[in-house]
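Below is one structure, written out as structure tokens; comments come after it.
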Amino acid sequence: MGEKITRQAGRNRSKSPVHGSVGTLSPKNGDLAVSLRTLEPEADLQVQKAYLDQLFQSAPEGIAILDPNYHVTHVNAEFTRMFGYTQEEARGRKLGQIIVPAGLDAEIDFIHGAITKGQKISLESKRMRKDGAVVDVSIVGMPVKARGGHVAVYAIFRDISERKQAEALQSALYRIAKITSSAGDLQDFYAAIHGIVGELMYARNFYIALYDTDSKLLSFPYFVDEVDPMPAPKPLGKGLTEYVLRAGEPLLATPEVFDHLVRQGKAECIGAPSLDWLGVPLKTGDTAIGVLVVQSYSENVRFGAKEKEILTFVSQHLATAIEHKRHEQALRGSEARYRSLVQSAVYGIYRSTLEGRFLDVNPALISMLGYNGAAELLALDPEKDLYVRGEDRLHLRQEYEQHGQLDNIEVKWRRKDGRAITVRLSGRAVNQESEEEVLEIIAEDVTERRILEDQLRQAQKMEAVGRLAGGVAHDFNNLLMVISGYTYVLLNQLGAGDPRRKKAEAIQEATERAAALTRQLLAFGRKQVLELKVIDLNGVVADISKLLRPLIGEDVEVAIACDPKLGRTKADPGQVEQVIMNLAVNARDAMPGGGKLIIETRNVDLDGHYQRAHATVKPGRYVMLAVSDTGCGMDADTQSRIFEPFFTTKEKGKGTGLGLSTVYGIVKQSGGYIFAYSEPGRGTSFKIYFPRVEEPASADSVPVRRARIGFRGSESVLLVEDEESVRELIAEALKAQGYNVLMAGNGQEALALAAPANCRIELMITDVVMPGMSGRELATRMLQSRPGLRVLFLSGYTEDAIVHHGVLDPGTAFLQKPLSLDALACKVREVLDS
């Protein structure tokens, strides 16, 4: 039998081995077999047997010789070393009963079937040592044949545990690299690592500890243990984990090793005590970033050098993978935060080519341009679909090429609905893998801001012009009053047939026109005196509409649309009539061929959204007065100037340019707002908003037109006026009406005249603005000594102490210059009789 086995081994060596050299005798043993064959004719049978026994016992593979029933007859020394069974322990026992682990019945049946057929088998499998340990082996088996059939079976075993371990480690490294790139998050990654380590060694109790140098905390992102719960992040202490982290070297802490470390003060017990604790540092370069740990609580599972070597080997690659994964997750988190920031930004953010073609856009930009989704924007042709002005796109490119970035460049874009918007762009180039340069740009819609800025500039301009106009009008008033007054005196002195009367009447007519102009200037400059009352705007519209029809002509249709539930407002009814009249005349002039004039009223609530488009408006409840026409309309440039004094589009001599300026001043002084809406060829609409009040309308909310009636008297009047010409004129007029007049040029003179107790004064007429003592102060001091004194204030300029924001104080008697002598006589009589 030994000879046949040797020859068979020699023949097998001459063929290509199965699985490398596994399962074959070495070439040296094959040479011995050849030598023995040459000795056969001469050698003694005992010599052959001795050589074969020596070859059998010294073979590097474990060999077992079995009888046809698979009982062991011989085993060699390597078999004993490999499996722990001696010749005596193994002889007579079935091989499958002593070294085959449970669960391999199908494999044994396959082997027996092949041997029975006389076939050679070669495979890799697992076999069990006497101590229960499982060994990876390669197996070669073949029957030994004789004339009567096979008389024996030999089985050759080679320990391939180291190769299998190397292959397993290599596979583990490959899988670690794979899951590093494929795991969705760190928890999935750590769990996969746990599974890989568990295939290489016992790892039921497994955890990963990582140290954060910024927070100086040791955390346990992955912790699986049959006894202890997951610890919370903590500062470094004296646990075994911290010991390995500080030392930077692997540690197998058996109970003896742990006790030694405790006695040295280098460690302390944290958590449940384990039987074996094995930890290896996770290092990147020379720096330990954490610790990889397995531990056992059972006597049946002990760790040794093999497990330490496996865990160390895995940790060397795992540390790099963890660091990569942490950076990758941090990057993903950063990208997610950036993406969230971009997606939720109120400003439009996009990437584009230098030509302006969108590559990526955020929701704010989609909304800004009025599209339904990003795909629509990405498909736009910038030149045709986006830029209102082609030069804007070229300017952007030139700005970038010159400065390397875009800084607050304003362009005009076109929305999906065709509306143009003003957009401010800032951005720079971003690094791209492609050769084409890509710009990353922030886009801010500044359309409303530019409109509001224009409105503010317009308001400031109107305010400045108003101050100038009001100041000029004030100075003219005193001059006009003297001219008008003495012209009135002249007319009274000149008879109807006097040739000079016609010239005096021309002077009077010119003076009245000049006075009308100054009143309009004062109205624009908000320097008029308004007698505010709670009014029903519908009543004012109904009253004035009767006067409009003959004024605007038969070829213009007048439509009135008043809200029957219209609220009340506080305004001067006479001035509101003036507003409607001026707007109606303007509308008539815009419709030379006829058309339609619409006057309507309505309750409106102006909210914050409306305020964003009209910066000066305060949100609240208003009554709206709208005057619209179907005339020629206006372009944007004309609209920007319509409220300026003396601006007109009419032919020379057909307009003063003060009609809309007067409207603007009256509305603003009444606390309201006026806006014009117009397009060339589409007519114009003026919308006026007066603040709504809840008070009932005053009984005299509609102006009553009375004929002028002069009144005479005989009372004593103290006249205080610093302008001598005005003072002389008024005094002469009052004396002509029968009054006794005392004159003073300032407040001190007036007090001196009134000082004597026997000085009778029923009425004091005083200018408001005088050098030294004002009219208001003079009146206060006079009333202290003369409580029953009547006071009438005069002024050509209403921004005085007597008038609050152009509104008369209750009970105040006031006449605005220039005034007619008839009006003066009426007012004096009215005040004395009140």
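The values are calculated or read from the model by the stated rules, or taken from the named source; none is laboratory data. In this text, all values refer to a predicted model and were calculated from it rather than measured experimentally. When we count neighbours, we look across all protein chains shown, and the Cβ atoms used for this are built from the backbone with ideal geometry, even at glycine. Side chains are part of the model used for accessible areas, which takes the heavy atoms of the whole protein and leaves out ligands, DNA and RNA. Shrake-Rupley method; radii C 1.70, N 1.55, O 1.52, S 1.80 Å.
On a 30 Å Cα-Cα criterion, which of the cross-link pairs 234/306; 570/817; 234/308; 266/306; 565/687 come out too long? Too far apart for the 30 Å limit: 234/306. Sorting 764-773, 729-738 by their mean Cβ neighbour count within 10 Å, with the most densely packed peptide first, gives 764-773, 729-738.
Taken over the range 218-286, the alpha-carbon convex hull comes to 95 cubic angstrom per residue. When nucleic acids and ligands are ignored and a 1.4 Å probe is applied, residue 826 ends up with an accessible area of around 30 Å².
The label point for residue 560 and the one for residue 199, both projected 7 Å from the Cα toward the Cβ, are 9.5 nm apart.
Counting heavy atoms of the protein chains alone, residue 760 has an accessible area of about 140 Å² for a 1.4 Å probe.
Which lysines, on any chain, are close to residue 384 with Cα under 17 Å apart, when same-chain ones fewer than 8 places away are left out? Result set, ordered by chain and number: 412, 416. Taking 0.36 nm per residue of separation and subtracting the Cα-Cα distance, full extension of the segment from residue 823 to residue 512 would add 110.6 nm. In terms of packing, defined here as the mean over residues of other Cβ atoms within 10 angstrom, the peptides 634-644, 264-274, 154-164, 191-201 line up highest first as 154-164, 191-201, 634-644, 264-274. Extension gain, residue 408 to residue 712, is 102.2 nm, computed as 0.36 nm per intervening residue step minus the present C-alpha separation.
Computed over protein heavy atoms with a 1.4 Å probe, the accessible surface of the range 40-165 works out to 53 Å² per residue. Only the Cβ atoms of Lys and Arg (+1) and of Asp and Glu (-1) were treated as charged; on that basis the dipole of the range 84-192 about its Cα centre amounts to roughly 640 debye. Dipole of the range 241-368 computed with +1 at Lys/Arg Cβ and -1 at Asp/Glu Cβ about the Cα centre; of 270, 345, 358, farthest Cα towards the positive end is 358. Note on the range 310-434: Cα Rg divided by 2.2 N^0.38 Å, N the number of residues, gives 1.47. Each peptide among 386-396, 61-71 gets the average number of other Cβ atoms lying within 10 Å of its residues, and from highest to lowest they stand as 61-71, 386-396. Each label was represented as a point 7 Å from its Cα along the Cα-to-Cβ direction; for residue 89 and residue 360 these points are 6.8 nm apart.
With +1 assigned to the C-beta of every Lys and Arg and -1 to the C-beta of every Asp and Glu, and no other charges, what is the dipole magnitude of the range 534-600 about the Cα centre in debye, to the nearest 20? Result for the range 534-600 is approximately 160 debye, rounded to the nearest 20. All Cα-Cα separations within the range 200-340 were binned at 10 Å from zero, giving a P(r) of 11, 41, 34, 10, 3, 0, each value a whole percent of the pairs. With R₀ set to 25 Å, the beta-carbon distance separating residue 607 from residue 347 gives a calculated FRET efficiency near 0.55.
Taking 0.36 nm per residue of sequence separation and removing the Cα-Cα distance, the residue 191/residue 260 pair yields an extension gain of 21.5 nm.
Bridgeable aspartates and glutamates around residue 145 (alpha carbons under 18 Å apart, same-chain partners fewer than 8 residues away excluded): 3, 67. Using the Cβ-Cβ distance between residue 214 and residue 328 with R0 set to 22 Å, the FRET efficiency from 1/(1 + (r/R0)^6) comes to roughly 0.75.
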